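The values are calculated or read from the model by the stated rules, or taken from the named source; none is laboratory data. What you see is a predicted model; the values in this text were computed from it and never measured. Note that each Cβ is placed from the backbone with ideal geometry, even for glycine, and that neighbours are counted across all protein chains shown.
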Amino acid sequence: MQTGMGGILQVNITDRAMLQASYMPFIVDGGLFVASKQEVKLGQECFVLATLPEQKQKIPLTGKVVWINQRQSGLKPQGFAIQLSGDKGAYYKAEAEKLLAGRTTQMSYTI
């Protein structure tokens with residue numbers, strides 16, 4: 001998996017617990033953590049194909065890198081997060097928040 005220069009990362013969110021660990025509601029317009037060993041820089045534009053739990057449709061997302069876990073630490077995988085943007089980002093944010101409504105705080109890959 002690669003980003004930049006035409007590379008595309010795929011994020012397969014298989015269940016609500018994984019969505020809750022990956023989704024970042026505290027980021028303006030929403031954020032999504034991408035487990036990856038790909039080197040990125042803050043502010044870098046990325047293209048990601050992401051799924052939501054119980055959906056097979058891959059949603060094309062673009063955004064800027066706003067968070068980086070340089071290496072795995074305990075249960076927090078190496079990777080980065082993008083700030084969602086555009087119509088597809090707004091759609092992903094709305095759907096993620098519907099799926100997570102009423103859930104109590106659990107593990108997060110970023111905090």
If Met5 passes every condition in (1) aliphatic (A, V, I, L, M); (2) at pLDDT 90 or above; (3) assigned to a loop (DSSP other than H, G, I, E, B) but one, which one does it miss?
-> (2)
Considering only residues of the stretch 48-67 that are touching a Gly at 6+ places or on another chain (Cβ under 8 Å) and of a type outside the set (D, E, K, R), which is surrounded by the fewest Cβ atoms within 10 Å (Cβ to Cβ)?
-> Thr62
Inside the stretch 41-59, can you point out the residues that are among the small types (Gly, Ala, Ser) and over 11 Å from the mean Cα position of the chain (by Cα)?
-> Gly43
What do you reckon, is Gln57 modelled with pLDDT under 95 and in contact with a helix residue (DSSP H, G or I) (Cβ under 6 Å, 6 or more places away or on another chain)?
-> no
Counting only residues in the stretch 16-33 that are not small (Gly, Ala, Ser) and not in a loop (DSSP other than H, G, I, E, B), the one farthest from the chain's Cα centre (by Cα) is identified as Arg16
Can you find a residue in the stretch 34-42 that is at pLDDT below 90, assigned to a loop (DSSP other than H, G, I, E, B) and either farther than 18 Å from Lys76 by Cβ or hydrophobic (A, V, I, L, M, F, W, C) (or both)?
-> no
Considering each of Thr105, Thr110 in turn, give the residue that is hydroxyl-bearing (Ser, Thr, Tyr), touching a Phe, Trp or Tyr at 6+ places or on another chain (Cβ under 8 Å) and at pLDDT below 95.
-> Thr110
